[in-house]
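Written out below as structure tokens is the structure these notes cover.
Values in this text are rule-based calculations from the coordinates and carry no lab data. Not measured: the values here are computed from a predicted model. For neighbour counting, all protein chains shown are included, and Cβ atoms are generated from backbone atoms with ideal geometry for every residue, glycine included.
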Amino acid sequence: MGKWFAVLYDTVMGPLEKRWIARIRKKIVSGLEGNVLEIGAGTGANFPYYANEMVKRVVTLEPNPYMIDQAKRRAKEVELPVEFYQGRAETLPFKDGEFDTVVATLVLCSVSEPQKVFQEMRRVCKKGGKIVLFEHVRTESKSLAAMQDVLTPAWKRLCDGCHLNRDTGRYMKESGIKVVIEKKYLKGIFVEYEGLNPK
Ligand SMILES: C[S@@+](CC[C@H](N)C(=O)[O-])C[C@H]1O[C@@H](n2cnc3c(N)ncnc32)[C@H](O)[C@@H]1O
């Protein structure tokens, strides 16, 4: 499953990327600074937007080895020096406060333990550092959320563990991250979050 998900990911996402998601990636990634960690980096779709002199180091962590292979090719194409780690964001192999910014795009829907992932993101992010996300989430619309609940079991099997109905914003806030930007798209199915790791 992990292999096919990796092989098909860019092709399936292509039309949506071109129309819309690439713009969001550019918006949230291109202004980042310092040492950046991206969890669940997948095929490296954000890599083209890191290239700026304010970014010192880009480190990625991803469990799926087939995704990592594709991301390595993408890093070469865009000539971005990237450090690759294979692993899960529930246990990050990094020091406390090692990063100025932690990024995740379309990842929290797929992790097994979102609360643990937010704790780990906070631990490795320096105090006052940024935690930046773009995610699809459980909507506030009761009827749409009910549909997300019905579709999630089949969707999870089809899309490598992805939950359509994950309440990522709630987990983020409960983790103690101070949310400073919460911008909703498409009836709140997609949300861009910028959070600060409290001092
Ligand atoms: C929908 S893809 C998104 C990939 C990429 N972030 C993007 O924006 O295109 C979800 C990614 O999360 C990764 N993932 C799943 N569980 C994870 C975990 N526990 N820790 C880190 N990444 C995980 C998957 O392997 C996959 O690459």
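Figures for the structure shown
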{"quantity": "Signed unit charges on C-beta, dipole axis of the chain, positive-most listed residue Gly188, Leu108, Phe5", "calculated": "Gly188"}
{"quantity": "Share, in percent, of DSSP beta bridges within the stretch 2-196 that are antiparallel, nearest 5", "calculated": "40"}
{"quantity": "10 Å beta-carbon shell around Gly34, net charge (K/R +1, D/E -1)", "calculated": "+2"}
{"quantity": "Residue-averaged [θ]222 nm for the chain, counting only DSSP H segments that reach four residues, each worth -39500 (n - 2.57)", "calculated": "-11000 deg cm²/dmol"}
{"quantity": "Neighbour-count ranking [beta-carbon atoms within 10 angstrom, fewest first] of Ile68, Ile189, Ile131", "calculated": "Ile189, Ile68, Ile131"}
{"quantity": "Given Lys26/Lys173; Lys27/Lys173; Lys56/Lys187, the pairs whose alpha carbons are separated by over 28 Å", "calculated": "Lys56/Lys187"}
{"quantity": "Sparse-neighbourhood loop sites, trypsin sites (Lys or Arg not before Pro) in the stretch 34-110 - DSSP loop, at most 16 other Cβ within 10 angstrom", "calculated": "Lys95"}
{"quantity": "Using alpha carbons only: equivalent-ellipsoid semi-axes of the chain, gyration tensor based, whole Å", "calculated": "24, 21, 16"}
{"quantity": "Charge tally in the Cβ shell below 15 Å around Lys199, where Lys, Arg are +1 and Asp, Glu are -1, Lys199 excluded", "calculated": "+4"}
{"quantity": "Burial ordering of Tyr193, Tyr171, fewest other beta-carbon atoms within 10 Å first", "calculated": "Tyr171, Tyr193"}
{"quantity": "Charge sum, other residues only, whose C-beta stays under 9 Å from Ala45's C-beta, Lys/Arg counted +1 and Asp/Glu -1", "calculated": "0"}
